[in-house]
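Beneath this line is the structure, given in structure tokens, with notes to follow.
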Amino acid sequence: MENLTRIEAGILVFLIIFVIIFLGDYFFVKRKYLKKKKKGKKQELMEASYLAAKFKLNQESLINKKMLKIFSMINAFIIAIVCVTVLVIDCNVILKLVIGFILLIALIYAIYEILGRYLERNLNNGK
């Protein structure tokens, strides 16, 4: 019974972190890219720049409401998974930091690779 409550607590922590990070990232970071750009000031969205460079996609087509929500959801998912994983692991702090860092890099690479391949296939078929 103790494991079930620990799993429930982990899921609750995941959901709380996910919602907080998603709302914060979307409303305070990503939405500024939808506003009209001032002359001379070019703002770049790191996720769109990475996907455009790696998968040869049009960067302007990646900056819309739908894609900004997807980017925010991916970022929130990655951060929540890493936080919950590090909280669940029972070891010293240095090992937690190493595991968290490795997991963070691996998730960023894997999820954005999947998204990039999906976008490459779907956006190129539309041409």
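The values are calculated or read from the model by the stated rules, or taken from the named source; none is laboratory data. Bear in mind the structure is a predicted one, so any value in this text is a computation, not a measurement. Using ideal geometry, Cβ is built from the backbone for each residue, glycine included, and neighbour counts are taken over all protein chains shown. For the accessible areas, the whole protein counts, side chains as well, though only heavy atoms, and no ligand, DNA or RNA atoms are used. Shrake-Rupley method; radii C 1.70, N 1.55, O 1.52, S 1.80 Å.
Check off (1) touching a residue at least 60 places away in the same chain (Cβ under 8 Å); (2) in contact with a Leu (Cβ under 6 Å, 6 or more places away or on another chain); (3) of a type in the set (D, E, K, R) for Lys54 and give me the number that stays unchecked.
(2)
For Ala52, state whether it is of a type outside the set (Ser, Thr, Tyr) and over 13 Å from the mean Cα position of the chain (by Cα).
Against the criterion (of a type outside the set (Ser, Thr, Tyr) and over 13 Å from the mean Cα position of the chain (by Cα)), Ala52 qualifies.
Okay, residues lined up against (1) in a loop (DSSP other than H, G, I, E, B); (2) open to solvent by less than 60 Å² (accessible area, probe 1.4 Å); (3) farther than 22 Å from Val13 by Cβ:
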{"site": "Met67", "(1), (2), (3)": "no, yes, yes"}
{"site": "Asn75", "(1), (2), (3)": "no, yes, no"}
{"site": "Ile78", "(1), (2), (3)": "no, yes, no"}
{"site": "Ile81", "(1), (2), (3)": "no, yes, no"}
{"site": "Val84", "(1), (2), (3)": "no, yes, no"}
{"site": "Cys91", "(1), (2), (3)": "yes, yes, no"}
{"site": "Ile111", "(1), (2), (3)": "no, yes, no"}
{"site": "Gly116", "(1), (2), (3)": "no, yes, yes"}
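Among the listed residues Glu120, Glu44, identify the single one that is open to solvent by 50 Å² or more (accessible area, probe 1.4 Å) and not in a helix (DSSP H, G or I).
The match here is Glu44.
Could you grab me the full set of residues in region 47-65 that are part of a loop (DSSP other than H, G, I, E, B), out of contact with any Gly (no Cβ under 8 Å at 6 or more places or on another chain) and crowded, with 17+ Cβ neighbours inside 10 Å?
Of everything in region 47-65, just one residue is part of a loop (DSSP other than H, G, I, E, B), out of contact with any Gly (no Cβ under 8 Å at 6 or more places or on another chain) and crowded, with 17+ Cβ neighbours inside 10 Å, namely Ile63.
Taking the options Gln43, Gln59, name whichever one is more than 30 Å from Gly10 (Cβ to Cβ) and touching a Ser or Thr at 6+ places or on another chain (Cβ under 9 Å).
Being more than 30 Å from Gly10 (Cβ to Cβ) and touching a Ser or Thr at 6+ places or on another chain (Cβ under 9 Å) holds for just one of Gln43, Gln59, which is Gln59.
Inside region 17-37, can you point out the residues that are of a type in the set (A, V, I, L, M) and either surrounded by 14 or more Cβ atoms within 10 Å (Cβ to Cβ) or not in a helix (DSSP H, G or I) (or both)?
Ile17, Ile21, Val29
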